[in-house]
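I have placed the structure first, in the form of structure tokens, so that the comments after it can refer back to it.
Derivation of every value follows stated rules applied to the coordinates shown; laboratory data play no part. Small disclaimer: the values here were computed from a predicted structure and weren't measured. A quick note on method: Cβ atoms are made from the backbone with ideal geometry, for glycine too, and the neighbour counts reach across all protein chains shown.
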Amino acid sequence: MLVFFAITLFVSATLLFWVQPMFAKMVLPLLGGTPAVWNTCMVFFQAALLAGYGYAHVATAWLGVRRQAAIHVGLLLLPLLTLPIGIPMGWSPPVEKNPIPWLFVLLLVSVGLPFFVVSASAPMLQKWFSDTGHRSAKDPYFLYGASNLGSMLALLSYPVMIEPQLRLAEQSWVWAGGYGLLVVLTLGCAVILWRSPVVVVGQRGQGAGLDGGSGLTVRRRVRWVVLSFVPSSLMLGVTTHLSTDITPIPLFWVVPLALYLLTFVLAFARRPILPHLLMVRALPLVILPLLISIFLNLQQPLWLLILLHLLTFFVAAMVCHGELVKDRPPAEYLTEFYLWMSVGGVLGGLFNALVAPMVFSSVVEYSLAMVLACLLRPSTRPDEQKPLSRWLDFGLPLALGILVAGLIWAVKVSDLKPVWLSISLIFGLPSVLCFTFRDRPIRFGLGVAAVMLANVFYTSTLGHILHTERSFFGVNRIMVDPEEKYRLLFHGSTIHGWQSLDLFRSREPLSYFYRTGPIGQLFTAFSGANAKPKVAIAGLGIGSMACYGEPEQQWTFYEIDPVVERIARDPQYFTYLRDCPPKINVVLGDARLSLRRAPDRHYGFIFLDAFSSDAIPVHLLTREAIELYLTKLADGGILAFNITNRYLDLRPVLSDLARDAGLVCMAQDDSDISEAEKKSGKAASRWVVMARQQNDLSKLAQDQRWNVLTSRPGARVWTDNFSNILEVIRWH
């Protein structure tokens, strides 16, 4: 009986968490690959999970377990009418409006019913099991570990096994087959329940470590919600951080979610593998270095930063979930316990995906969730409750915040050198002092918060901020460099262009578009009589490339974020679009979707310069994308890709795509930048160009700085249904 219930829970959880990355990947090409797509999907899935948990709680309370089982078996048959899962024909997102409502409706129509039915399995099957009279029925919470183990394995297997082997349509049909198996297994569990003797509530007894139901106060329920809120918010925070600067693919969504589920498996296990006290004591050791790395905007080494983020998230989630396990009620209240846990998960998702983008101009929700995790830690000195200690819990963090603000001011005024010394004073000393607060959760949590608030006054080596604006697609910051020579646009942690404040140089393309760089060479080769009359550019930035245009040319920028267009057109910040010669049109919406509406063989140049922070949307680098570009490219036209990136080397991917499409492919890595060029506004860049015929690139072939790219023998070409980001990551 126990094995049968565990297998059923395992299958339901596998289906539940397989469908999430599968459907998110179906949606990605429609919404430009932004990390907000995954966060929004997660909010929907958490809300649907809450609905499933609510149904399990209310139905079993009103109808009784056995009658509810009969109704649920009938409910299980309804989703069979809607399978396989897919995006309905004719659905396309709004261009100038926030796409979140549209995405919610799409999720509801396409995946809502099967997800809702499957989501009810975890609390419902545990409730059924607690009513069977089995010797383990008095404390069925360990089955939650089996459920989350299935969820975790499903997630980890998706990018490694499922995604590389099966197309999305095939994945959907296999999922439908798995759902049919779940129907049969659930029916088997219902039969076991019906054949078991009726158990009187008073005869169940209480499992070890469970208290009675008399203590189910409002305060206790709120605590369950808060303890569930923090790991949910942290999960989305670390996901956004990783996928914004690397690439928004299922791999970097799956790993944090898999770790999140692993913490449930470990915390709810019968015999804990990781002691709860160990996690409580480890949290200060990992959270302070992570906050310092965020304040300093550290970007290397990549593997160490990823490990630090994931480790901190794991420890914080283990602390919160461990506290939940310690406070779990008897089996009679099992469904209510899971219901309040689900409420906390939904609120965490809503906070990150919907509330934070409207309330905060930058991504501070990640750090705030860390502070809350510190405040929720149990005290390692529970007997120290003296009045003076309670006053110090608030007074010492306040003094620490004042100290940090004073250090920042002193370092700025004195222009303290070298840089490592000033950083040690501003970040190192306060962190050491904050660490001494670790035995008092309130004192430590408020100490971390004080350091965070004080660092608002810290001016980094990048300069000072003029304007910050956040949208569905990320955070845009306009800054002036410390020497006040350039105005820069940051998206996330990456510069998306800069313009000289010198009026005599205000029309000079700078950064990755410098005249001596690859893009300048390309426009020099195709200027004057050789100029292409119509040019398309995916990704607006600040419009730097527009100053390569000529008066008789027509340029079309395709930009997904309306905020970016508004910034680029605002002359108090940037003036390329206003002052440069070509006729410029900006089309809002995802470049790949918008390009479909352009006439065939219309553009002589198509530039792919779309980035989300440092991440290039994968759906712009697939076989289907290349096929679309070629239909819009005129005879003799050229495709150009900006693949400048801190973490990915995309040259092999593009060379394989060129071979697959029968195109000529060349590349230039312009990373050897002199100090004089850096001071004058040039940045290292890497570009790839493609054309139908060798003659189309003959002017570049004569330049030794351009190299012909050769494809990898036997390599699999990236498509909308397949991509392997691990093979192109540069870990060092």
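Okay, here's what the table says:
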quantity	calculated
Cα-centred dipole magnitude for the chain, charges only on beta-carbon of K, R (+1) and D, E (-1), debye, nearest 20	1500
Inter-site label distance for THR516 and LEU77 at 7 Å from Cα along Cβ, in nm	7.7
Listed pairs LYS127/LYS326; LYS583/LYS682; LYS632/LYS699; LYS485/LYS532 exceeding 30 Å between Cα atoms	LYS485/LYS532
The chain, relative contact order [Cα under 8 Å, separation at least 6], %	13
222 nm mean residue ellipticity, helices alone, for the chain (DSSP H n ≥ 4; -39,500 (n - 2.57); rounded to 500)	-17000 deg cm²/dmol
Ranked list, fewest to most other Cβ atoms within 10 Å of each Cβ, for TYR573, TYR512	TYR573, TYR512
Which labelled figure in (1) -0.48, -0.64, -1.03; (2) -0.55, -0.71, -1.04; (3) -0.60, -0.78, -1.20 is log10 I(q)/I(0) by the Debye sum over Cα atoms at q = 0.07, 0.08, 0.10 Å⁻¹, once derived from the coordinates	(2)
Bridge type composition, the chain - antiparallel percent by DSSP, nearest 5	60
Residues with amide H under 5 Å from that of GLY497, placed H, sequence gap 5 or more	LEU489
Signed unit charges on C-beta, dipole axis of the chain, positive-most listed residue TRP128, PRO430, LEU234	TRP128
Pairwise FRET efficiency - PHE360 versus LYS583, Cβ, R0 = 41 Å, nearest 0.05	0.60
Cα-centred dipole magnitude for the range 475-728, charges only on beta-carbon of K, R (+1) and D, E (-1), debye, nearest 20	320
Estimated vicinal HN-Hα couplings, Hz - the range 479-490 in sequence order (Karplus 6.51, -1.76, 1.60; Gly, Pro = x)	10, 10, 5, x, 8, 6, 9, 9, 10, 10, 10, 9
Principal-axis tilt of helix 276-295 within the chain, Cα atoms, nearest 10 degrees	20
Rounded tilt (10° steps) of 651-661 against the dominant C-alpha axis of the chain	80
Relative contact order %, the range 467-625, counting alpha carbon pairs below 8 Å whose residues are six or more apart	22
Relative contact order %, the range 475-728, counting alpha carbon pairs below 8 Å whose residues are six or more apart	17
Proxy reagent accessibility, fewest Cβ within 10 Å first, across TYR158, TYR55	TYR55, TYR158
Alpha-carbon Debye profile of the range 475-728, log10 I(q)/I(0) at 0.09 Å⁻¹	-0.36
Exposure proxy ranking, count of Cβ atoms within 10 Å, fewest first, for LEU376, LEU310	LEU310, LEU376
Cysteines (scope the chain) whose Cβ has no counterpart Cys Cβ under 4.7 Å	CYS41, CYS189, CYS320, CYS374, CYS434, CYS665
Cα-based helix-to-principal-axis angle, 35-63 vs the chain, degrees rounded to 10	20
Inter-probe distance in nm under a simple model that places probes 7 Å from Cα toward Cβ, at MET161 and GLU675	5.6
